[in-house]
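The next block holds one structure in the form of C-alpha cells; read it before the comments.
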C-alpha cells in the first residue's frame, strides 16, 4: 500500500475507549438521533502501541443498524461499541467512529466552525481546511486532523492520531465518520473502502 500522506491542520479531543467485542449485524442498544452537535475529535491512548497496519488480506463484515439508519463495512475482529447515537470500532489505536444526529446538510463554513470549537478544547489538535467531495455519488465534506494523546504516566510517550473526518447528510440526518490511525501506520486503502461502503438505510 502507498504510505498515507495526511495534511496537518486543527481539531479537538474526546478519548474513545472501546471494550466490547465486535461482530457483524445489528447492535442491540437503543438510540435516537437528537440535535446537530458534532462529536468531539478522536484521541489515541498513550498506553497503546502506535502499530496496526490493516493487512491486505483482512476480512470485513458489514455493520447494519436500523435505528442509527446506516450500514458500513468494518474489519473482522475489531472491538465494537455502541453508545447512544454512535458506534465505534477499534483495534489497538486504530479507531473508527460513526455518529448520527439530526441536522441539515453540512457546509464548509459549518465544518470550519466545528473545528474552531474542537480546537478551543484541545490545543494539540491540528486540521487541514475542509473540502467538498463526492463519495460513490454521495455529497460529503472531508477534513483531516491530528490529535496527540496525554503522556503515558510511566513512559511519558504520546501517540499522534491522524484522522480523516467525513460529514454526510440525507433527509435531515447527518453522519460524522471519523477514521483514525496512529502516525506512521498505513490504513489508507482499507479506510477508503470503509467510507465508500457507507450507506443510509
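The distance from the alpha carbon centre of region 48-102 to that of region 133-174 is 13 Å, rounded to a whole number. Computed over region 60-200, the P(r) curve from all C-alpha pair distances, binned at 5 Å from the origin, holds 2, 9, 19, 22, 21, 16, 8, 3, 1, 0 percent per bin.
Judged by the mean number of other Cβ atoms found within 10 Å, the most tightly packed of the peptides 152-161, 85-94, 189-198 leads the ranking 85-94, 189-198, 152-161.
Label-to-label distance, residue 104 versus residue 56, with points set 7 angstrom from Cα along the beta-carbon direction: 4.7 nm.
On full extension, the segment bounded by residue 79 and residue 200 gains 41.3 nm, given 0.36 nm per residue less the C-alpha separation. Evaluate the distance, in nm, between pseudo-label points positioned 7 Å from the Cα of residue 183 and of residue 171 along their respective Cα→Cβ axes. Roughly 4.3 nm, to one decimal. Remark: 78, 200 ranked as 200, 78, counting other beta-carbon atoms within 10 Å and listing the fewest first.
Only the coordinates and a few stated rules stand behind these numbers; no lab work does. Remember, it's a predicted structure, so these values are computed and weren't measured experimentally. So basically every Cβ, Gly included, is an ideal-geometry build from the backbone, and we count neighbours across all protein chains shown.
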